[in-house]
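Heads up, the thing below is written out as structure tokens.
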Amino acid sequence: MASIKDVAAGAGVSVATVSRVLNGHPSVSAEARKRVLAAVEALGYRPNALARSLRTDQTRTLGLVISDVLNPYFTELARSVEEEARALGYSVIIGNADERPELQDHHVTTLLDRRIDGLLVSPTDGGSPRMLEAARGGTPMVFVDRWIPGVDVPVVRSDGRDAVRDLVAHLHGLGHRRLAIIAGPAATTTGRERVDAFRAALGEFGLPLPADHIGQGDFQADSGRRVTEGFLDLPEPPEVVFAADNLMALGALDAVRARGLRVPEDIALAAFDDIPWFVHTDPPVTAIAQPTGELGRAAVRALVDRIEGRRPESVALPARLVVRRSCGAPGSSPHSPDSPDSPDSPDSPVSPASSASSASSVRRSTP
């Protein structure tokens, strides 16, 4: 393996000059820089990252702690984080908290021990002691997707309130009146926010949200299955189940099919967090899509700003409703088969402008 001395000999310069070139120092002549880079390429020299980090106090490494790597949303988020970090000259080490605060703390401790330059976290529950200690102790940190109120850390997230309202307007326009939600953990900001947005939208259209139409899930498929089974056992089951994440929606779909029921003929289904699979289910699932790739990229940019001493603002990017066939087709009754040539099949995004127009029309026709 070539050493820095080999590079210096090959380029005909001193070791100090090679070091200055590799660290981007401006005092090196263009000709010397050219010879050093040519020798680096010819010899296949790779700087010792650990030794360099001891000199510069930087490792060019970011940590990412996500809530659940098996959730396709977080898988896509991690991919976009890694791509943007690589483009900015950073590597990423990923830790999966598996929705467990103690595992989140384990990953945070391990990453800090590895001297990462900054940390991206999607907090599990209300946070965890080691993560909160790091945030309050000055570690460059950005919350992504979820956040912890009262902790002074920039947040990069999506805002789903308008998209949830668009969904309720869509369901109301189809004639649905009994709507239920499978909620995420109340200890998470996303769990609380989605229930609040759903309740507010129902209120706007004069629809109730009884206590037995709110089921407590945990962002896992098994909880979606369990909650939906409870909904189906009610004397008057809901006409629509809205799952607050994609995995709970898949669990809900399993529960409906296990009863021999059909979507949307017997019960409609919608989800927060669109995933590629939803296009391939039968029927395709209406969902609220988050700008996942842009969230990951924006989070990395915000974290690099923190590392370099700038103070980035928090970012909230709008989510959008994607209408498919799992709630019924326009012009059909809520529990009759949808038309095969429905205009919302298989994948029709709803823009805020068109949704607002549709919603106001629905409100005018409401008794």
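Heavy-atom accessible area, probed at 1.4 angstrom with all protein chains present, ranks HIS106, HIS170 as HIS106, HIS170, highest first. All Cα-Cα distances of region 41-174, cut into 5 Å bins from zero to the largest, leave 2, 10, 17, 19, 17, 12, 8, 6, 4, 3, 1, 1, 1, 0 percent in each bin in turn.
THR110 sits with roughly 50 Å² accessible to a 1.4 Å probe, with DNA, RNA and ligands left out of the calculation. In sequence order, region 68-82 has phi-based couplings of 7, 5, 7, 7, x, 4, 6, 5, 5, 4, 4, 5, 5, 4, 4 Hz under the Karplus curve 6.51 cos²θ - 1.76 cosθ + 1.60, θ = phi - 60°, and Gly or Pro positions carry x.
For region 134-175, the solvent-accessible area with a 1.4 angstrom probe is 32 square angstrom per residue.
Taking the accessible area of region 75-192, probe 1.4 Å, and keeping the other protein chains in place, the carbon and sulfur fraction comes to 47%. Heavy-atom accessible area for ASP196, with the other protein chains in place and a 1.4 Å probe, reaches approximately 90 Å².
The values are calculated or read from the model by the stated rules, or taken from the named source; none is laboratory data. Just so we're clear, the structure is a prediction, and the values are computed from it rather than from any experiment. Accessible surface is based on the protein model in full, side chains and every heavy atom, while ligands, DNA and RNA are left aside. Shrake-Rupley method; radii C 1.70, N 1.55, O 1.52, S 1.80 Å.
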